[in-house]
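J.: This is the structure I have questions about; it appears just below.
The values are calculated or read from the model by the stated rules, or taken from the named source; none is laboratory data. Since this is a predicted model, take the numbers as computed values, not measurements. Cβ atoms come from the backbone with ideal geometry, glycine included; neighbour counts cover every protein chain shown.
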Amino acid sequence: MMMISTDQTRSGKFTVTPRRDGDLLVLHVTGDLDVLTAPTLSTHLDIALADAPPVVIVDISDVSFLSSAGIGLLVETHRLTERGGISLRVVADGAATSRPLRMMRIDEVIDLYATTDEAKAGRPA
């Protein structure tokens, strides 16, 4: 069952919109991904992983702020997907998302993509 979550935070609206694309599951995230909103994304990821799709794409290209809580959630999700044989692909393009992930060398652990189409094709940025 797909659900769309919208949370109102001090900094504005945070949404997670899941959609199926064949055997891929894409979670499109907007707003600030921080300690207040990471649990909402975590719930969506738990639901996604329970279905065990071969590929989960987390599109954070429209995230305006990525905190350590959001980064930690992505790393933990990578650990879980790797153990479950699921490919986790993160779409992050821009100063608010790809820059902190690359500065912390998360791109050495998690495959980052510039676009959802590249993530679907499995061609890292």
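J.: Determine which single condition ASP46 fails, assuming it passes every other condition in (1) farther than 20 Å from THR116 by Cβ; (2) crowded, with 20+ Cβ neighbours inside 10 Å.
T.: The single condition ASP46 does not satisfy is (2).
J.: All but one of (1) assigned to a strand (DSSP E or B); (2) modelled with pLDDT under 95; (3) surrounded by 12 or more Cβ atoms within 10 Å (Cβ to Cβ); (4) not small (Gly, Ala, Ser) hold for ARG20; which doesn't?
T.: (3)
J.: Applying the selection to the stretch 77-125, what residues are under 14 Å from VAL29 (Cβ atoms) and charged (D, E, K, R)?
T.: Of everything in the stretch 77-125, those that are under 14 Å from VAL29 (Cβ atoms) and charged (D, E, K, R) turn out to be ARG89, ASP93.
J.: Let me ask something additional. Would you kindly identify the strands (runs of 3 or more DSSP E) lying entirely within the stretch 26-125 that contain at least 3 residues that are under 13 Å from the mean Cα position of the chain (by Cα), closer than 25 Å to LYS13 by Cβ and in contact (Cβ under 8 Å) with a residue 24 or more places away in the chain?
T.: 55-66, 87-91
J.: I need the full set of residues from the stretch 77-110 which are acidic (Asp, Glu), surrounded by 16 or more Cβ atoms within 10 Å (Cβ to Cβ) and in contact with a strand residue (DSSP E or B) (Cβ under 8 Å, 6 or more places away or on another chain), in order please.
T.: Scanning the stretch 77-110 gives a single hit, ASP93.
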